[in-house]
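Participant: First the structure, which I've put down as structure tokens, then a few questions once you've had a look.
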Amino acid sequence: MQNSTLKSFLSILIFFYSTSAWATPDAPDHELTVYKTPTCGCCVKWIEHIEEQGFATQFKNLQQLSDLKTQLGIRPNHRSCHTAVSKDGYAFEGHVPAKYIKQFLNEDHPNAIGLSVPAMPVGSPGMEVGTRFMPYQVLILYRDGTSKMYAEVKTYASQF
């Protein structure tokens, strides 16, 4: 092959490789292990939400989650139906929007254990009910058991 033909062939090969299914997909932004009960449908919807936002997930079904939540330091008034744990050990309790998880994981919070959306607010990711929406707060949880508002979600669209 002539030099110019070889260069053209290699250029075409590189182009097809980089734009084809052979190309390596982008690595997920973050990884979470989600602990949930086997019958919770809203947890599955929340997992779909975070996967659509670039998270890699695995989930583990447990019959009861209270021991895990206690072990992670999540107090009863901060609990919801499922708990996600990052590879760094941060906990994300309940229907926390993916955008706040990403934001939190990209910041420095040395005394925090994670974020929580207590209870199950209607309209939060995984809790969609038609067009209904209930404003809610995302709380940052600290090792000493305290919490404070991390974000206030006032509209459905602001979660994304």
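The values are calculated or read from the model by the stated rules, or taken from the named source; none is laboratory data. Keep in mind that what you see is a predicted model, and the values were worked out from it rather than measured. No Cβ is skipped: glycine too gets one built from the backbone with ideal geometry, and neighbour counts run over all protein chains shown. Just so you know, the surface numbers come from the protein's heavy atoms only, side chains and all, with ligands and any DNA or RNA stripped out. Shrake-Rupley method; radii C 1.70, N 1.55, O 1.52, S 1.80 Å.
Participant: Do we find a residue being at pLDDT below 95, in a helix (DSSP H, G or I) and either loosely packed, with under 12 Cβ neighbours inside 10 Å or within 19 Å of the chain's Cα centre (by Cα) (or both) anywhere in segment 19-29?
Facilitator: Yes; the residues of segment 19-29 include at least one that is at pLDDT below 95, in a helix (DSSP H, G or I) and either loosely packed, with under 12 Cβ neighbours inside 10 Å or within 19 Å of the chain's Cα centre (by Cα) (or both).
Participant: Run down 64, 71 and say which single residue is over 20 Å from residue 38 (Cα atoms) and not in a strand (DSSP E or B).
Facilitator: 71
Participant: Something else about it: What number of residues in segment 106-152 are surrounded by 14 or more Cβ atoms within 10 Å (Cβ to Cβ), in contact (Cβ under 8 Å) with a residue 60 or more places away in the chain and part of a loop (DSSP other than H, G, I, E, B)?
Facilitator: 5
Participant: Can you name the number of the only condition in (1) open to solvent by less than 50 Å² (accessible area, probe 1.4 Å); (2) part of a strand (DSSP E or B); (3) free of Cβ contacts under 8 Å to residues at least 12 places away in the same chain that residue 158 fails?
Facilitator: (2)
Participant: Any residue in segment 88-98 that is of a type in the set (Phe, Trp, Tyr) and modelled with pLDDT of 90 or more?
Facilitator: Yes, because at least one residue in segment 88-98 is of a type in the set (Phe, Trp, Tyr) and modelled with pLDDT of 90 or more.
Participant: Then there is this: Pairs only if they're at least six apart or on different chains, beta carbon under 7 angstrom, first in segment 61-89 and farther than 12 Å from residue 40 by Cα, second open to solvent by 100 Å² or more (accessible area, probe 1.4 Å); list them, first residue then second.
Facilitator: 73/143
Condition check ((1) at positive phi; (2) crowded, with 21+ Cβ neighbours inside 10 Å; (3) within 15 Å of the chain's Cα centre (by Cα); (4) not in a strand (DSSP E or B)) across all residues:
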position: 57; (1), (2), (3), (4): no, no, yes, no
position: 85; (1), (2), (3), (4): no, no, yes, no
position: 88; (1), (2), (3), (4): no, no, yes, yes
position: 96; (1), (2), (3), (4): no, yes, yes, yes
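Participant: Can you pull out the residues in segment 132-160 that are of a type in the set (Val, Ile, Thr) and over 21 Å from residue 76 (Cα atoms)?
Facilitator: The answer is 153, 155.
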